[in-house]
Amino acid sequence: MDTVLILMHVEKEAGLAKSALEALGAAKDVAGASGASLAVGLVGETLQVAANQIAGCGATRFLGVEGAEFGQSRYCSDIAAAEAVCRAVNPTMVIAPATSRWNRVVAGLAHRLGGRADTHVTDLVA
């Protein structure tokens, strides 16, 4: 079965930004229209508040990479976390909000996974 993975990082206030919630909505739409399952990957210092915020989103899997080293944006830790989540899920498609944090790692992540990346997407149609 196909899987759509939404990657989101947790803000300093331990919640999710509006752009992350918008990307989650797009991922839900794509998964629903294509019959794929939805997986959520969270990265940050603490994840519980963010996980509670989206607990009812309909995802079949929630994965997280948590710890002090993931609280601040760093290329090395961000790409390692994103790669670990992607390898655990083996998604057909990965969607992430266009934050400065994810925009830095998306191309490198696609290369590591043997995939392709489109950035600055403003609309999705399934």
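Select, from V49, V40, the only residue that is farther than 14 Å from V94 by Cα and either among the β-branched types (V, I, T) or part of a strand (DSSP E or B) (or both).
V49
Please go through segment 69-98 and give me each residue that is among the aliphatic types (A, V, I, L, M) and modelled with pLDDT of 95 or more, ordered by number.
Once the filter is applied, which keeps residues that are among the aliphatic types (A, V, I, L, M) and modelled with pLDDT of 95 or more, segment 69-98 yields I79, A80, A81, A82, A84, V85, A88, V89, M93, V94, I95, A96.
Looking at (1) surrounded by 15 or more Cβ atoms within 10 Å (Cβ to Cβ); (2) out of contact with any Cys (no Cβ under 8 Å at 6 or more places or on another chain), find the lone condition where L24 falls short.
(2)
Could you please tell me which pairs satisfy a Cβ distance under 8 Å, a separation of 6+ or placement on different chains, a first residue in segment 99-126 that is open to solvent by 80 Å² or more (accessible area, probe 1.4 Å), and a second residue that is among the small types (G, A, S) and part of a loop (DSSP other than H, G, I, E, B)?
Hits for this filter: S100/S73; R104/S73; H120/A98; V121/A98.
Do you know which residues across segment 79-117 are under 19 Å from L38 (Cα atoms) and polar (S, T, N, Q)?
N90, T92, listed by residue number.
Could you tell me whether any residue of segment 79-97 is over 11 Å from the mean Cα position of the chain (by Cα), open to solvent by less than 50 Å² (accessible area, probe 1.4 Å) and hydroxyl-bearing (S, T, Y)?
Looking through segment 79-97, none of the residues is over 11 Å from the mean Cα position of the chain (by Cα), open to solvent by less than 50 Å² (accessible area, probe 1.4 Å) and hydroxyl-bearing (S, T, Y).
Just one of the numbered conditions (1) loosely packed, with under 15 Cβ neighbours inside 10 Å; (2) out of contact with any strand residue (DSSP E or B) (no Cβ under 7 Å at 6 or more places or on another chain); (3) not aliphatic (A, V, I, L, M) is not true of G58; which one?
The single condition G58 does not satisfy is (2).
For (1) buried (at least 23 other Cβ atoms within 10 Å of the Cβ); (2) touching a Pro at 6+ places or on another chain (Cβ under 8 Å), each residue gets a yes or a no:
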position	(1), (2)
L5	yes, yes
K18	no, no
V30	no, no
G35	no, no
G44	yes, no
I54	no, no
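Check whether at least one residue in segment 21-28 is assigned to a loop (DSSP other than H, G, I, E, B), under 22 Å from R101 (Cα atoms) and touching a residue at least 24 places away in the same chain (Cβ under 8 Å), and report yes or no.
No - not one qualifying residue is present in segment 21-28.
Filter segment 28-45 for residues that are polar (S, T, N, Q) and modelled with pLDDT of 95 or more and give the result.
Within segment 28-45, S37 is the sole residue that qualifies.
The values are calculated or read from the model by the stated rules, or taken from the named source; none is laboratory data. Here the structure is a predicted model, which means the values were calculated and not measured. Here the Cβ is made from the backbone with ideal geometry for all residues, glycine too, and neighbour counts use every protein chain on show. For the accessible areas, the whole protein counts, side chains as well, though only heavy atoms, and no ligand, DNA or RNA atoms are used. Shrake-Rupley method; radii C 1.70, N 1.55, O 1.52, S 1.80 Å.
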